[in-house]
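The values are calculated or read from the model by the stated rules, or taken from the named source; none is laboratory data. Not measured: the values here are computed from a predicted model. Here Cβ is always computed from backbone atoms with ideal geometry, including for glycine, and neighbour counts include all displayed protein chains.
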Amino acid sequence: MNRKISVGMAVTIVILAMTVTFSITMLIAMRLFDSTVSSVKEKESMYNKVAEVDRYVRSNDYYTIDETVLYDRLTAGYLLGTGDKYARYYTANAYTELMNQQSGKVMGIGVELGMDQTGYARVTRVYEDSPAQEAGIVVGDYITAIDGTDVKSLSGVDAVQSRLQGEAGTIVNVTWLDSKAASRTTDLTHSGYTSTTVDYQMLDSVGYIKIRQFDGSTPSELDYAIRSLTTSGAQSLVFDLRDNGGGSLDSAINMLNRLLPKGDLITEKSKKEGDKTYHSDDKQSYQKSIVVLINGNSASASEIFAGAIKDYGVGTLIGTQTFGKGIVQSLFPLSDGSAIKVTVSRYYTPAGNNIHEVGITPDIILEKDTESEEDNQLQKAIDVLKE
């Protein structure tokens with residue numbers, strides 16, 4: 001026998017359903033509202049405090065306020081307060097300079113530098129056909145002054161490099177000490193030169209590849225190096241990542257795709273995008289033995305590279321514990337021409353290891369023998385590959 005629901009009962013059921021739905025919706029909305037109001041109140045309190053400080057300072061401070069400097073330092077202070085030690089504020093001028101450097105509009109003189117105990121900048125590399133090479137600057141020389149400014153007064157190697165940079169055609173006056181401790185000074189004209197990130201050579205039957213940093217050209221340079229060394233008879237490879245502070249995440253991923261079989265390469269976790277895993281497609285992989293040299297200055301993209309090689313078990317890591325930078329920063333331009341850089345994600349090795357502030361432990365721990373002319377870490381790598 002079919003049972004029919006009366007009209008009154010049907011209306012009652014509909015009303016109950018609507019009431020439950022309305023109640024749930026209101027509950028969610030109220031919680032969202034409370035959260036939003038709390039956030040608004042917190043922001044209002046923060047802005048009111050800044051406004052209060054501003055009123056007292058403008059009414060009582062004896063000194064004249066430079067508005068541009070004030071706003072720049074206010075923004076920089078905000079980033080400092082986030083606790084993100086890699087966050088950075090770029091003034092409009094600094095951001096323009098950064099973009100010019102990346103586009104090639106602003107260039108240096110063609111040297112890589114390192115600061116040592118003398119306080120001067122030691123030349124560690126000179127690029128071919130660069131202004132520095134044409135002037136006779138060689139590896140081991142010390143740059144002591146730039147446009148009359150003593151290098152010792154500058155705050156680190158980045159500040160020295162910045163002083164050496166300029167637009168094409170402009171001149172910078174450089175003073176340096178050569179191998180005979182003779183002081184030399186000359187004007188160098190900024191001009192284009194080829195800047196490579198990968199060097200390679202044959203060491204007996206072992207192919208040696210030094211990767212200085214990871215940028216857009218590094219994957220193609222690496223591919224060329226591997227092909228050249230293989231053609232020359234290399235039976236194994238050493239990748240030297242010592243003192244490589246990192247660079248492009250995409251570059252490291254592309255290089256690993258060239259070397260590793262199909263599988264996960266790294267997982268990147270972010271607040272905004274969630275989890276994103278990068279994979280190797282196995283279109284090509286290196287089938288011979290590998291050693292990777294690392295040290296305490298191997299960071300970021302270098303650790304991505306070394307960590308994947310270790311997790312896949314396709315190579316041996318030799319050297320000392322790496323730096324431990326397992327996070328990624330992004331640059332965000334602001335409306336007034338300035339920009340901020342903040343940490344946006346953390347990455348994990350194929351085995352799920354978080355290396356941030358931990359680093360990667362080599363399979364063979366070996367300190368660099370600084371008193372010997374022989375590179376004991378490189379020699380150990382060669383010995384391991386020949387076993």
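Numbers below:
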quantity	calculated
Residue within the range 111-132 that is surrounded by 13 or more Cβ atoms within 10 Å (Cβ to Cβ), out of contact with any Lys or Arg (no Cβ under 9 Å at 6 or more places or on another chain), part of a strand (DSSP E or B) and in contact (Cβ under 8 Å) with a residue 60 or more places away in the chain present	no
Positions within the range 176-209 being within 20 Å of Leu293 (Cβ to Cβ) and buried (at least 19 other Cβ atoms within 10 Å of the Cβ), in sequence order	Thr197, Val198, Tyr200, Val206, Gly207, Tyr208, Ile209
Output for the range 146-183, where each listed residue is touching a residue at least 40 places away in the same chain (Cβ under 8 Å), closer than 22 Å to Gln117 by Cβ and in a strand (DSSP E or B)	Val174, Trp176, Leu177
Flag for Ser195 being polar (S, T, N, Q), touching a residue at least 40 places away in the same chain (Cβ under 8 Å), closer than 30 Å to Ala234 by Cβ and outside any strand (DSSP E or B)	yes
Residue list for the range 284-298, restricted to those being over 18 Å from Leu366 (Cα atoms) and either touching a residue at least 24 places away in the same chain (Cβ under 8 Å) or outside any loop (DSSP other than H, G, I, E, B) (or both)	Gln284, Ser285, Tyr286, Lys288, Ser289
One residue from Tyr127, Tyr95, Tyr120 being under 26 Å from the mean Cα position of the chain (by Cα), over 24 Å from Asp187 (Cβ atoms) and aromatic (Phe, Trp, Tyr)	Tyr95
Identity of the residue in the range 210-232, closer than 17 Å to Val291 by Cα and assigned to a strand (DSSP E or B), that ends up nearest to the chain's Cα centre (by Cα)	Ile211
Residue count for the range 317-360, restricted to those that are part of a strand (DSSP E or B), within 30 Å of Gly77 (Cβ to Cβ), in contact (Cβ under 8 Å) with a residue 24 or more places away in the chain and among the hydroxyl-bearing types (Ser, Thr, Tyr)	3
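Results for (1) modelled with pLDDT of 95 or more; (2) more than 16 Å from Lys269 (Cβ to Cβ), shown as yes or no for each residue.
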site: Val342; (1), (2): yes, no
site: Tyr347; (1), (2): no, no
site: Asn354; (1), (2): no, no
site: Glu357; (1), (2): no, no
site: Lys368; (1), (2): no, yes
site: Val384; (1), (2): yes, yes
